[in-house]
Amino acid sequence: MRRRMSPHSMLPAIATLMALVAPVHAADWPTRQVTVLVPFGAGGNTDMMARLASQHLSTKFGQPFVVENRPSAGGALATGLVSAAAPDGYTLLFAASSMITLTPQLQKLNFDPSKLIPITNMGTGTQTLAIKRSLPAATLPEFIAYAKANPGKLNFTVAGTQNISHLAPVLLFARAGIDLVMVPAKSGPQAVSDLMSGQVDLYFGNSSELLPHINSDKVRLIAVGTAQRIPAAPSIPAVADALPGFEFSSWNGFLAPAGTPEPVVTALRVEIAAFAKSQAVSERLSNLGINPGGLTKEQTEAVFKKDRESYVEAIKAAKIAPPR
């Protein structure tokens, strides 16, 4: 015969079960190393921000936040690993927003990156539009007019294809109604070098790459891709001043697996936002042409929505086939 357990004898088992399903509180976390995956190689602005924030979080929470670089096309490797990770706060992603908003439109994935929880950003990377100084144009409207008068005669370079460096100028040209020939470069530094040497006419690249050349006699910086002017170069107009509604930038920040306890997400969001907005960090980022972060959940969701819509339009303009 089966022996029936008394209510008292079941109490330890019930207590164990309740402990397993009990909600995690911020005070209970972290008790061990937190891994931060970055979908780029070491170096570069995204990796720099990830390491800067992780070092601060290690000090703040008393456990190591260790950055691991997992580069791959579109950041799919790192994003996939975090999507499949246990939602316990011990595996995080530090990525550019394009990993969430663009990669799914270009690659067939076996996971849904939109389900990742955006915590907050360390900063928003800005793009700057630079042209050869020898061209007879000093402003974006003048350049557009010149390009319209010379269809197919001007060229532009990109730091790789099917990324923000490629799609931002393509969208700009489509909205402006101009036609330029693309000359791909392997990297941002090569793109800047090709522009400086006069081999290409235009580069719409990272502000951190181009702002050091603001007073160059070789190139002219004529616009930024953010909705408003940036603190690092207040004299440079926004593209939106000439083409209302245009905006292209790169949110860079932390995301967590779906199901990560809200107290953990909130603790991270509050601490990262405060750090990003601190005077020393804010100045450091601003000097690189990066707008300091700390966006709320609602603000981040609005950014992601706008980014997705812009990429849909840009992909169509670039005539990129959908993933199969």
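Descriptive notes on the structure:
- Residue count, region 64-82 (criterion: closer than 26 Å to Pro322 by Cβ and hydrophobic (A, V, I, L, M, F, W, C)): 6
- Selection from region 83-102 of residues that are open to solvent by less than 40 Å² (accessible area, probe 1.4 Å), hydrophobic (A, V, I, L, M, F, W, C), within 28 Å of Ala321 (Cβ to Cβ) and not in a helix (DSSP H, G or I): Leu93, Ala95, Ala96, Leu102
- Of all residues in region 103-155 being assigned to a strand (DSSP E or B) and open to solvent by 10 Å² or more (accessible area, probe 1.4 Å), the one that is nearest to Val192 (Cα to Cα): Lys132
- Test: residue in region 300-315 that is among the charged types (D, E, K, R) and open to solvent by less than 50 Å² (accessible area, probe 1.4 Å): yes
- Number of the condition not met by Leu295 [criteria: (1) at pLDDT 95 or above; (2) within 22 Å of Val170 (Cβ to Cβ); (3) assigned to a loop (DSSP other than H, G, I, E, B)]: (2)
- Residue match in region 274-293 (condition: within 18 Å of Ala95 (Cα to Cα) and more than 17 Å from the chain's Cα centre (by Cα)): yes
- Counting residues in region 126-136 that are more than 20 Å from Gly205 (Cα to Cα) and in contact with a helix residue (DSSP H, G or I) (Cβ under 8 Å, 6 or more places away or on another chain) gives one or more.
- Any hit, region 10-30, residues being open to solvent by less than 30 Å² (accessible area, probe 1.4 Å), at pLDDT 95 or above and outside any helix (DSSP H, G or I): yes
- Taken together, the criteria place Asp201 among residues that are in contact (Cβ under 8 Å) with a residue 60 or more places away in the chain, farther than 24 Å from Asp88 by Cβ, in contact with a helix residue (DSSP H, G or I) (Cβ under 9 Å, 6 or more places away or on another chain) and among the charged types (D, E, K, R).
- Failed criterion for Ala73 (all others in (1) at pLDDT 95 or above; (2) at negative phi hold): (1)
- Within region 36-73, the residues that satisfy the criterion of being touching a residue at least 60 places away in the same chain (Cβ under 8 Å), under 21 Å from Thr161 (Cα atoms) and part of a helix (DSSP H, G or I) are Asn45, Thr46.
- Residue within region 223-242 that is in a strand (DSSP E or B), open to solvent by less than 40 Å² (accessible area, probe 1.4 Å), in contact with a Lys or Arg (Cβ under 6 Å, 6 or more places away or on another chain) and closer than 22 Å to Met196 by Cβ present: no
- Taking the criterion of being in contact (Cβ under 8 Å) with a residue 60 or more places away in the chain, more than 22 Å from the chain's Cα centre (by Cα) and within 21 Å of Val312 (Cβ to Cβ), the only residue of region 212-261 that qualifies is Leu243.
- For region 170-207, the set of residues classified as surrounded by fewer than 24 Cβ atoms within 10 Å (Cβ to Cβ) and out of contact with any strand residue (DSSP E or B) (no Cβ under 9 Å at 6 or more places or on another chain) consists of Ala174, Arg175, Ala176, Gly177, Ile178, Asp179, Ser197, listed by residue number.
The values are calculated or read from the model by the stated rules, or taken from the named source; none is laboratory data. Please read all numbers here as calculations on a predicted model, not as lab measurements. Cβ sites come from the backbone with ideal geometry, for glycine too, and all protein chains shown count toward neighbours. Heavy atoms of the whole protein, side chains included, go into the accessibility calculation; ligands, DNA and RNA do not. Shrake-Rupley method; radii C 1.70, N 1.55, O 1.52, S 1.80 Å.
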